[in-house]
Amino acid sequence: MIERLKTSSLGQQLGLVAAVLCLLVGLALVLLGAASSKHMRDVQQVEFGSTMAQLIARRVSTALERGDLLGISASLQRFVESSSVQQVQIFDVDGKVLGEAGRPAGADPMQYRAPIRIESDIAGEVVITIGGEASQAAHSRLILSLLGLALLLSLAVYGGSRHLGNRLGSRLQQLARSVALEEDDPRAAPLNELDLLSQRIEALPMDLLRTRSDAGAKDENYNTTAVLYLHLNSLENYVETLDEQSLHRYTDRLHQVVYAAAGFYGGELQVTRQFALAVYFSGEGSAGSAPFRAASCAWLVQSVCRELEQHMSLSLSTAMAISQSELGIGDSSDIYPGLYMQSTLDELQLVCASKPPKILLSPTLAEDTDIRGRLQVQATEVMDYAMLEEFQGPYRDLLERQLRLILRKLTDPTQTLI
């Protein structure tokens, strides 16, 4: 039943929900009206019974004073015949019946009493019995009429809500047809209008319809960046000699080495030329300035390659140079820094074309405090670049520990690559 309701039309769902809510509200009002009318009926019946008992007590008090029991009996009979009182009884002060007329009928009769007074003395008591069938029947008719009215109102609300729901459902069906990418499958399970529209919208290629609006400049793209350029000398020679599978394993090993070394110093690795990689370092880090971190990463790459070459049949020869750019590498939302970076990459490519055996540092890096205080360099004739000779004692010890960690994480160095 619930599943059928879920797949029914929007008009049926709205009509049924509105009708049920209306019926619940109507039933609540009927219960409130029933309780209120019962209370009012009981109060009125008590007032009526007490008034009738007092009226009869005043009427028979004179006859009782004269001792006219026949007159009392006749008066009581007239009361029973001319009113809704079913039975009237007269008792003296000792509880003896002095007069009686009528018989109680029906269930749950109500009795009301009133004293008979002769001057200031109580000479007896009047007890009248009134049946509750008539008032109960009237109360029942009222409740039934209210229930019928609530039911009719719920049916009217169902009809009106279903009409409005059908109009809304027709509009949703039109929208669903307008965004449909293909014809409906006749074997598909029936869906209501909202589910059908939702299914059609989910089938749309929304990623293709959305435009890219994030084109703002980012502050990190305008920080001074140290660039470590690695020209893959051996790879340039192996492209034409190795098969595809061996070449893939070789480049994967190079990637592991550079990626692991860059990870210690927060470098970002990218491919910049056909046989060249670049690792970018920007900002200040706990390991030192960006140029010092680039130099440390280059030393690690060179040292790891030398260690691995001892257990490989192939060479991992690379030429490395480090320079500095006033801007970063940019991204898809801001291409200006990346365009600015190209001149630095071109210069580093030209420097590495001579295949220097050691790491070269550009003249701009000589001004860096960490480079001057932690490294030993030697001048060269290659575009005024300096050659990295050695690290100071504590920094060399740190690099040695990092070297052992990298060798431990890589594939077993005693196993040949090919």
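The values are calculated or read from the model by the stated rules, or taken from the named source; none is laboratory data. Since the model is a prediction, treat every value here as computed from it, not as a measurement. Every residue, glycine as well, gets a Cβ built from its backbone with ideal geometry; the counts of neighbours run over all protein chains shown.
Considering only the range 73-119, how many residues are aliphatic (A, V, I, L, M) and out of contact with any Phe, Trp or Tyr (no Cβ under 8 Å at 6 or more places or on another chain)? Final tally of qualifying residues: 11.
Val17 - would you say it is touching a residue at least 24 places away in the same chain (Cβ under 8 Å) and among the β-branched types (Val, Ile, Thr)? It is true that Val17 is touching a residue at least 24 places away in the same chain (Cβ under 8 Å) and among the β-branched types (Val, Ile, Thr).
This table checks each residue for (1) modelled with pLDDT under 90; (2) of a type in the set (A, V, I, L, M); (3) surrounded by 14 or more Cβ atoms within 10 Å (Cβ to Cβ); (4) in the same structural domain as Gly330 (by TED's automatic domain parsing).
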| site | (1), (2), (3), (4) |
| --- | --- |
| Leu230 | no, yes, yes, yes |
| Glu240 | yes, no, no, yes |
| Asp252 | no, no, no, yes |
| His255 | no, no, no, yes |
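For the range 353-364, a residue qualifies if it is part of a helix (DSSP H, G or I) and under 19 Å from Ser296 (Cβ atoms), and exactly one does: Thr364.
Considering the conditions (1) surrounded by fewer than 18 Cβ atoms within 10 Å (Cβ to Cβ); (2) out of contact with any Leu (no Cβ under 9 Å at 6 or more places or on another chain), Ile118 is excluded by exactly one of them, (2).
Condition check ((1) modelled with pLDDT under 85; (2) part of a loop (DSSP other than H, G, I, E, B); (3) buried (at least 16 other Cβ atoms within 10 Å of the Cβ)) across all residues:
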residue	(1), (2), (3)
Ala138	yes, no, no
Leu149	no, no, no
Gly159	no, no, no
Gln174	no, no, no
Arg187	yes, yes, no
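Out of curiosity, is Gln349 in a helix (DSSP H, G or I), within 23 Å of Leu277 (Cα to Cα), touching a residue at least 40 places away in the same chain (Cβ under 8 Å) and assigned by TED's automatic domain parsing to the domain that holds Val258? So Gln349 passes the test. Just to be sure before I move on: is Ala134 surrounded by fewer than 12 Cβ atoms within 10 Å (Cβ to Cβ), in the same structural domain as Gln13 (by TED's automatic domain parsing) and touching a residue at least 40 places away in the same chain (Cβ under 8 Å) in the structure I sent? When the stated conditions are applied, Ala134 passes them.
Among residues of the range 390-403 that are more than 12 Å from Arg293 (Cβ to Cβ), those with a Cβ under 8 angstrom from a residue that is in a strand (DSSP E or B) and polar (S, T, N, Q), sequence gap 6+ or separate chain, pair up as Glu390/Gln376; Phe391/Gln376; Gln392/Gln376. A residue that is touching a helix residue (DSSP H, G or I) at 6+ places or on another chain (Cβ under 7 Å), assigned to a strand (DSSP E or B), in the same structural domain as His139 (by TED's automatic domain parsing) and not polar (S, T, N, Q) occurs nowhere in the range 47-60. Scan the range 365-377 for residues that are aliphatic (A, V, I, L, M), in contact (Cβ under 8 Å) with a residue 60 or more places away in the chain and part of a helix (DSSP H, G or I) and jot them down. Correct list: Leu365, Ile371. Suppose the filter is closer than 30 Å to Leu152 by Cβ and either buried (at least 16 other Cβ atoms within 10 Å of the Cβ) or free of Cβ contacts under 8 Å to residues at least 40 places away in the same chain (or both); does Ala35 pass it? Yes; evaluated as a whole, the condition is true for this residue.
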